[in-house]
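Okay, so here's the structure we're looking at.
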């Protein structure tokens, strides 16, 4: 196969695709490039699976050689996926998954490998485009090309494909993926951005997505490869469909609209079992088909009821939020804790404060840095009444934790004003939809309870959509079932002033800007109601930290004094830490952090450091300790690391024949600084204070 190359410009930046040179034995392989960042995507298919779900796996792999680096550690090779790789794999998976035909059950694996990485552009969005193009030129049935772009806010203006530096300092970081006609996926964080600006950003993103989709089509045209054969699923037996309908008609609606999740799921499970038993003799070995038909009937009934009657599961109206309760301090030894319950979804959230030693060190292909704020999300099987093996963190847990983490980041204090490492953990105790949004709300409450001075509360809500032709219904605070049978899962998080995070997955085409505006406005109204409840529980952060939290103080000294605080081979700073029981961190710019278990230890260390860096003042009075006794006086330490001489004539108002008659080594004495000799050495007096 000859090399085929296509190129275009997006917002003045060259973007290219190529195939036919690398990985030619894969079902499809494409290299996408922006700047010097290149990602190779391959798509391969396997045998048909017997599972009742589509076995698609997407991998995103960052090779350290891409950035001219060698992996750290003893083994010196890439290991398990990093959090960044997991999040990027999810970014690729979410927009391509809905574009496979219904009923397709062949194993498909998409591998996106970062083979070159510059300092300007992240490879994650290009991986979406590369994966789509690799699928399109393969024999795997894939409906149409999809492309991804990143949108940032640079100096108040929206920009497509901002650089890494611009993304870091900007007030918006949003990835948008879509086809030629529709947006499929949105993931991003913002610094309290107005909803109107988000709509504008989405419109700009889709405008540029169309150009990248056209670039993929140009590559496909040059390749001149016959289109993949259309997928024809196993036809459903119409007699079986009618038989199932006849058995559940008039019964399934009442059960599927029960408000209690256990009762609903249990009732539907029992009804399905009855139907399978009743039809077992007439339609042998059709359990899976019956279950699929049963699910379709349930889905159609729920969607039709919502569209025609405006009534949801449990009798809720379209805009109705489930009952919410907020509790604080449920964990006595935690530095801050909360229990946030919304309907049958519940999050137990704990905040822990630590020191610089607790920061997470990140070594990525774009550079190394330390994270002082982390939010972790755990979804144990008991939260949905299931039995599963407890193992490593799932991709879903990583993704939900990242969404909650970025949601709260804009309201956190900076490290200079609050020099703590912050770890928030959300444990999902019960789940019936929107557990990530419960984590956001619970985390906001927990941070305030811990005394972290966050700017304001942050709340989130998940919106859904049921669309039938020109008719549609937007659902506020969706359940798990409504997410499953719906056409959109749209999570919006923010404060009273604007949006801090957004995540959207769309399963259908035809989502108009009017629907988006409607959903954002309904989400804003719901967010205000949730914030009202949260603020009535705790309106602002507590002024005092938990008694169990470490105490950290920051002091800035002259850079020239750093060596005095450290001392020869670290002798001075070690002595301060050992005698006060503190941990001290010294930065090159003169910033010193003191971490202690309690206020007394912190103050003791702080006073010692202040004493070391303090300059002797004429007339000042000091508490000193005798270090050496000589014939003509006593040398005393009046400030940490600083000594002065009390001449024998300055020991007492009367004549002193022998220094030891007044002072001995180790004695404490109060002295006054009375001057400096011609060499700058300090002269002290005891007599002046008698």
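Derivation of every value follows stated rules applied to the coordinates shown; laboratory data play no part. Quick caveat: nothing in here was measured; it's all calculated off a predicted structure. No Cβ is skipped: glycine too gets one built from the backbone with ideal geometry, and neighbour counts run over all protein chains shown.
Summary table
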read-out: The stretch 154-170-the stretch 524-538 distance, computed between alpha-carbon centres (Å); value: 31 Å
read-out: Rel. contact order, % - alpha carbon contacts under 8 angstrom, at least six apart, the chain; value: 9 percent
read-out: DSSP-defined beta bridges in the stretch 324-537 - what % are antiparallel, rounded to 5; value: 90 percent
read-out: Projected label distance in nm at residue 203 and residue 658, using a 7 Å step from Cα toward the beta-carbon; value: 9.7 nm
read-out: As computed over the stretch 324-537, the Cα convex hull volume per residue (Å³); value: 149 Å³
read-out: Helix 124-136 vs. the chain, principal-axis angle (Cα, 0 to 90°, nearest 10); value: 20 degrees
read-out: Rounded Å value of the spacing that divides the Cα centres of the stretch 576-621 and the stretch 179-237; value: 58 Å
read-out: Rough spin-label spacing in nm, given labels placed 7 Å along Cα→Cβ, for residue 320 and residue 281; value: 4.4 nm
read-out: The chain - Debye-derived log10 I(q)/I(0), Cα point model, q = 0.10 Å⁻¹; value: -1.03
read-out: Cα centroid separation, the stretch 624-690 to the stretch 287-366 (Å); value: 71 Å
read-out: Percent of beta bridges antiparallel (DSSP, the chain, rounded to nearest 5); value: 90 percent
read-out: Förster radius 60 Å - calculated FRET efficiency between residue 51 and residue 196, Cβ distance, rounded to 0.05; value: 0.85
read-out: Efficiency of FRET from Cβ geometry, residue 106 and residue 497, R₀ 56 Å, rounded to 0.05; value: 0.70
read-out: Additional length obtainable on full extension of the chain from residue 535 to residue 77, 0.36 nm per residue less Cα span; value: 160.0 nm
read-out: MRE, 222 nm, helices only [DSSP H, n ≥ 4, -39500 (n - 2.57), over the chain, to nearest 500]; value: -10000 deg cm²/dmol
read-out: Virtual spin-label span in nm between residue 241 and residue 329, 7 Å along Cα→Cβ; value: 6.1 nm
read-out: Degrees separating the helix 287-309 axis from the principal Cα axis of the chain, which is the longest one; value: 80 degrees
read-out: Helix axis angle, 195-223 relative to the chain longest principal axis, alpha carbon, degrees; value: 60 degrees
read-out: FRET efficiency estimate (nearest 0.05) - Cβ-Cβ, residue 166 to residue 231, R0 41 angstrom; value: 0.45
read-out: Relative packing of peptides 131-141, 309-319 - highest average C-beta neighbours within 10 Å first; value: 131-141, 309-319
read-out: Stretch gain in nm, segment residue 558-residue 607, where the contour uses 0.36 nm per residue and the Cα spacing is subtracted; value: 16.0 nm
